[in-house]
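The structure appears right after this line, and notes come after that.
The values are calculated or read from the model by the stated rules, or taken from the named source; none is laboratory data. Every value quoted in this text rests on a predicted model; they were computed, and no experiment measured them. Note: ideal-geometry Cβ built from the backbone for every residue, glycine included; neighbour counts use all protein chains shown.
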Ligand SMILES: [Ca+2]
C-alpha cells in the first residue's frame with residue numbers, strides 16, 4: 001500500500017513536470033515567432049543594398065522579387081501621370097510594391113503629396129520634398145509597373161519645376177527593376193516648369209517607372225507619360 005501511494009505520488013509529480021515542460025515549450029515557441037517579425041526599416045536597408053549591388057546572388061534576389069510582385073504584369077500605359085487623382089493604385093506597383101506608395105529607404109526624410117498650388121496642367125502636380133543629403137541607400141521613391149512591348153523604343157516625358165535641388169540627378173526616373181536605365185535625370189538648382197524627355201527599350205514586357213529623389217531639394221512633377229515610338 002505504501003509503495004502504491006509512493007508510486008501514485010511520483011506519478012503526480014511526473015504529470016506536473018510534464019505540464020510545466022509543455023508550458024515552457026509553448027513559451028519558447030511563442031518567443032521564437034516574435035523574433036521572426038520583420039522590421040520595416042531593416043527590410044528597406046537590405047533591399048537598398050540589393051539595388052546597388054551587382055553580384056549574381058543579388059541579381060537573382062531582385063529577379064525573384066520581380067516575380068513576387070508582378071501583380072500588375074499586364075495592363076495599359078501609365079495611369080495618373082498628371083496626378084489629378086489621389087496617389088493610389090496603380091502607383092505603388094512594381095518591385096518593392098509591398099512598401100507602400102511613396103517610401104523611404106534607411107532614414108531618408110522625403111515626402112510626396114499632391115499640390116493644388118502648383119500644376120503644369122489640370123489642378124494638381126506631385127510635390128516632393130527631401131531633407132536628406134545624398135548618401136548610399138538613402139532615397140525616397142514610388143513606382144508604377146506598366147506593360148510594354150519588349151525591345152521596342154519608348155519615349156518617357158515629364159514636366160518638372162524645382163527649388164534648390166542640391167545636385168545633378170537628385171531627381172531621376174529609372175525604368176527597369178534593377179534601376180540601371182534612367183532616361184530622365186533632372187539638373188541641379190532652381191527652375192520653372194521645364195519638359196524632360198528620354199528614350200528607353202527593355203527586353204521585358206513591363207517597365208517599372210520610378211520617381212526617385214536622392215539628394216535634398218524640392219520638386220514638382222506633372223504630365224508624366226510613356227509612349228511607344230514609331
Ligand atoms: Ca496635373
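Among the candidates 123, 210, the residue that is in a loop (DSSP other than H, G, I, E, B) and either at pLDDT below 95 or within 20 Å of residue 80 (Cα to Cα) (or both) is uniquely 123. Do we have any residue at all in the stretch 163-174 that's touching a residue at least 60 places away in the same chain (Cβ under 8 Å) and touching a strand residue (DSSP E or B) at 6+ places or on another chain (Cβ under 7 Å)? Among the residues of the stretch 163-174, not one is touching a residue at least 60 places away in the same chain (Cβ under 8 Å) and touching a strand residue (DSSP E or B) at 6+ places or on another chain (Cβ under 7 Å), which makes the answer no.
Here residue 140 meets the list (1) closer than 20 Å to residue 208 by Cβ; (2) exposed (fewer than 13 other Cβ atoms within 10 Å of the Cβ); (3) more than 16 Å from the ligand (Cβ to nearest atom) almost entirely, failing just condition (2). Which ones in the stretch 116-129 are near the ligand (Cβ under 10 Å from one of its atoms) and in contact with a strand residue (DSSP E or B) (Cβ under 7 Å, 6 or more places away or on another chain)? Once the filter is applied, which keeps residues that are near the ligand (Cβ under 10 Å from one of its atoms) and in contact with a strand residue (DSSP E or B) (Cβ under 7 Å, 6 or more places away or on another chain), the stretch 116-129 yields 118, 119, 120, 121, 124, 125, 126.
Looking only at the stretch 81-108, which residues are more than 24 Å from residue 180 (Cα to Cα) and either surrounded by fewer than 13 Cβ atoms within 10 Å (Cβ to Cβ) or more than 16 Å from the chain's Cα centre (by Cα) (or both)? Write out each step before concluding.
Looking only at the stretch 81-108, we keep the residues that are more than 24 Å from residue 180 (Cα to Cα), and these are 82-89.
Selection gives 82, 83, 84, 85, 86, 88.
Any residue at all in the stretch 166-175 that's touching a helix residue (DSSP H, G or I) at 6+ places or on another chain (Cβ under 7 Å) and either more than 16 Å from the ligand (Cβ to nearest atom) or more than 20 Å from residue 82 (Cα to Cα) (or both)? Checking the stretch 166-175: not a single residue is touching a helix residue (DSSP H, G or I) at 6+ places or on another chain (Cβ under 7 Å) and either more than 16 Å from the ligand (Cβ to nearest atom) or more than 20 Å from residue 82 (Cα to Cα) (or both). Restricting the stretch 189-230 to residues that are closer than 19 Å to residue 103 by Cβ and surrounded by fewer than 19 Cβ atoms within 10 Å (Cβ to Cβ) leaves a set whose member that is nearest to the ligand (Cβ to nearest atom) is 218.
For the stretch 182-214, which positions are within 17 Å of the chain's Cα centre (by Cα) and more than 14 Å from residue 125 (Cβ to Cβ)?
Within the stretch 182-214, 182, 206, 207, 208, 209, 210, 212, 213, 214 qualify.
Looking for something assigned to a loop (DSSP other than H, G, I, E, B), in contact (Cβ under 8 Å) with a residue 24 or more places away in the chain and within 16 Å of the ligand (Cβ to nearest atom) - is there at least one such residue anywhere in the stretch 94-115? No, there is no match, as no residue in the stretch 94-115 is assigned to a loop (DSSP other than H, G, I, E, B), in contact (Cβ under 8 Å) with a residue 24 or more places away in the chain and within 16 Å of the ligand (Cβ to nearest atom). Evaluation of residue 132 against the conditions (1) buried (at least 19 other Cβ atoms within 10 Å of the Cβ); (2) within 16 Å of the ligand (Cβ to nearest atom) shows that the sole unmet condition is (2). The set of residues in the stretch 143-171 being within 18 Å of residue 104 (Cβ to Cβ) and surrounded by fewer than 16 Cβ atoms within 10 Å (Cβ to Cβ) consists of 166 alone. Filter the stretch 176-206 down to the residues that are touching a helix residue (DSSP H, G or I) at 6+ places or on another chain (Cβ under 6 Å) and on the phi > 0 side of the Ramachandran plot and list them by number. Answer for the stretch 176-206, where residues must be touching a helix residue (DSSP H, G or I) at 6+ places or on another chain (Cβ under 6 Å) and on the phi > 0 side of the Ramachandran plot: just 179.
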